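In what follows, a single structure is set out as structure tokens and then discussed.
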Amino acid sequence: MAPSIPDFEQRRVKVADGVTLNVAVGGAGRPVVLLHGFPQTHLMWRHVAADLAADHTVICPDLRGYGASDKPADPDGTAYAKRTMAADTVALARALGHERFALAGHDRGALVAFRAGLDHPNAVTHLACLDVLPTLDMWAAMHGTSAAVGFHLYLMAQPPGLPEQLIGGAPDAFFGHFLDAWAADPAAIPAEVRAAYLAACRAAVPSIVADYRASAGIDVTHDQADRDAGNRLRMPVAVLQQDWGAALGYDARALWRAWADDLVHATVGWGHFMAEQAPAEVAAALRELMAR
């Protein structure tokens, strides 16, 4: 049996024409939506979700293109724009009866959450982003040999065809590399969860590549337009991230401060997969955010 979040209900929720998301829902109280990262599914939130469900309605979808959610084709490069995926998130919450909700995202999910905060400030009450920089700032920070850690960003930025072929030739080796390289504590991702992540990614190579390709194109355009217009995040924001700035030469807090006035930024030593490696600490940080 595939692993799941205990006591959470699995649902299929339509969020757009031709797009239905797989979502786990549990708990009761003020709603919070948790968006997963790469190369994972909603299962990455299993510990944090169970904790928050004591006093919140917790909504954990697989992003479009990931896990058991639909994987639409991307003929014009917009199907996996973070703006499109942010609209999915708002539509999902609304379909479940929530016009306003707190939102937390990790990695790819944090980029979707960031875009939702900019595009839907009346819907997102609180915003948490785990271990990312906004797309525009991420590309500016990647330079020199230190940027080799982000080789996958450049690979999946290439035009359709080659990345899908290369990754599809050895998907478990490709996706497994990140599970191994980014896990400070391998025991935090047990064998059955790791197998579920790899199986999900194996079945989603084109859509995962399309998600990353969007971050080298249309997502940059959208971020730049907001920066040029002076648009900022209006809600309380919390950022938890590793000290990537020490290796890549940037001030992460300053970069985030340019997007958010009401910001709490913390550099933590919990590894990239922090929701699985330090779930109690992450849940506590989310509760502190939602109390602001």
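Determine which single condition Ser207 fails, assuming it passes every other condition in (1) surrounded by fewer than 20 Cβ atoms within 10 Å (Cβ to Cβ); (2) part of a helix (DSSP H, G or I).
(1) is the only condition that Ser207 fails.
So which residues in the range 184-201 are closer than 23 Å to Ser69 by Cβ, among the hydrophobic types (A, V, I, L, M, F, W, C) and either open to solvent by less than 30 Å² (accessible area, probe 1.4 Å) or touching a residue at least 40 places away in the same chain (Cβ under 8 Å) (or both), if there are any at all?
Scanning the range 184-201 gives Ile189, Val193, Ala196, Leu198, Ala200, Cys201.
Conditions: (1) at negative phi; (2) surrounded by 15 or more Cβ atoms within 10 Å (Cβ to Cβ); (3) not in a helix (DSSP H, G or I). Gly271 meets all but one. Number of the miss?
It fails just one condition, (1).
Restricting to the range 3-33, give me the number of residues that are open to solvent by 50 Å² or more (accessible area, probe 1.4 Å) and outside any strand (DSSP E or B).
6
Among the residues of the range 34-69, how many are farther than 17 Å from Leu21 by Cα and basic (Lys, Arg)?
Of the residues in the range 34-69, 1 are farther than 17 Å from Leu21 by Cα and basic (Lys, Arg).
In the list Gly168, Gly217, Gly249, which residue meets the criterion of being in contact (Cβ under 8 Å) with a residue 12 or more places away in the chain, at positive phi and surrounded by fewer than 18 Cβ atoms within 10 Å (Cβ to Cβ)? Lay out the reasoning, then the answer.
On the way: Gly168 fails: at positive phi; Gly217 fails: at positive phi.
That would be Gly249, the only listed residue that is in contact (Cβ under 8 Å) with a residue 12 or more places away in the chain, at positive phi and surrounded by fewer than 18 Cβ atoms within 10 Å (Cβ to Cβ).
Among the numbered criteria (1) open to solvent by less than 10 Å² (accessible area, probe 1.4 Å); (2) part of a helix (DSSP H, G or I); (3) out of contact with any Lys or Arg (no Cβ under 7 Å at 6 or more places or on another chain), which one does Asp228 miss?
Unmet for Asp228, out of (1) open to solvent by less than 10 Å² (accessible area, probe 1.4 Å); (2) part of a helix (DSSP H, G or I); (3) out of contact with any Lys or Arg (no Cβ under 7 Å at 6 or more places or on another chain): (1).
Name the residues in the range 274-292 that are more than 26 Å from Arg234 (Cα to Cα) and either open to solvent by 50 Å² or more (accessible area, probe 1.4 Å) or out of contact with any His (no Cβ under 8 Å at 6 or more places or on another chain) (or both), would you? Working first, answer last.
Taking the range 274-292 as the starting set, the residues that turn out to be more than 26 Å from Arg234 (Cα to Cα) are 276-280.
Hits for the range 274-292 are Gln277, Ala278, Ala280.
Only residues that are in contact with a Phe, Trp or Tyr (Cβ under 6 Å, 6 or more places away or on another chain) and touching a residue at least 40 places away in the same chain (Cβ under 8 Å): list them for the range 255-272, please.
His272
Which one of these does Phe175 not meet: (1) crowded, with 21+ Cβ neighbours inside 10 Å; (2) within 21 Å of Cys129 (Cβ to Cβ); (3) in contact with a Pro (Cβ under 8 Å, 6 or more places away or on another chain)?
(2)
I need the full set of residues from the range 34-67 which are closer than 17 Å to Leu198 by Cα and either acidic (Asp, Glu) or not in a helix (DSSP H, G or I) (or both), in order please.
Of everything in the range 34-67, those that are closer than 17 Å to Leu198 by Cα and either acidic (Asp, Glu) or not in a helix (DSSP H, G or I) (or both) turn out to be His36, Gly37, Phe38, Pro39, Gln40, Thr41, Asp62, Leu63, Arg64, Gly65, Tyr66, Gly67.
All but one of (1) more than 19 Å from the chain's Cα centre (by Cα); (2) under 26 Å from Leu133 (Cβ atoms); (3) in a helix (DSSP H, G or I) hold for Pro159; state the number of the condition that does not hold.
(3)
Give the number of residues within the range 39-52 that are aromatic (Phe, Trp, Tyr) and surrounded by fewer than 24 Cβ atoms within 10 Å (Cβ to Cβ).
Taking the range 39-52 first, the residues aromatic (Phe, Trp, Tyr) are 45.
Adding the requirement that they be surrounded by fewer than 24 Cβ atoms within 10 Å (Cβ to Cβ) leaves none.
Adding up the residues that qualify gives 0.
How many residues, within the range 162-179, are out of contact with any helix residue (DSSP H, G or I) (no Cβ under 8 Å at 6 or more places or on another chain), more than 19 Å from Gly37 (Cβ to Cβ) and in a helix (DSSP H, G or I)?
Step one: filter the range 162-179 for residues out of contact with any helix residue (DSSP H, G or I) (no Cβ under 8 Å at 6 or more places or on another chain), giving 162, 165, 169-170, 173, 177.
Imposing the further condition that a residue be more than 19 Å from Gly37 (Cβ to Cβ) reduces the set to 162, 165, 169-170, 173.
From the residues that got through so far, the ones that are in a helix (DSSP H, G or I) too are 162, 165, 169, 173.
Qualifying residue count, the range 162-179: 4.
I need the full set of residues from the range 258-268 which are surrounded by 16 or more Cβ atoms within 10 Å (Cβ to Cβ) and of a type in the set (A, V, I, L, M, F, W, C), in order please. Write out each step before concluding.
Taking the range 258-268 as the starting set, the residues that turn out to be surrounded by 16 or more Cβ atoms within 10 Å (Cβ to Cβ) are 259-260, 263-265, 268.
The answer is Trp259, Ala260, Leu263, Val264, Val268.
The values are calculated or read from the model by the stated rules, or taken from the named source; none is laboratory data. Quick caveat: nothing in here was measured; it's all calculated off a predicted structure. As a convention, Cβ positions derive from the backbone with ideal geometry for all residues, glycine included, and neighbour counts pool all protein chains shown. These area figures cover heavy atoms from the full protein model, side chains too; ligands, DNA and RNA do not enter into them. Shrake-Rupley method; radii C 1.70, N 1.55, O 1.52, S 1.80 Å.
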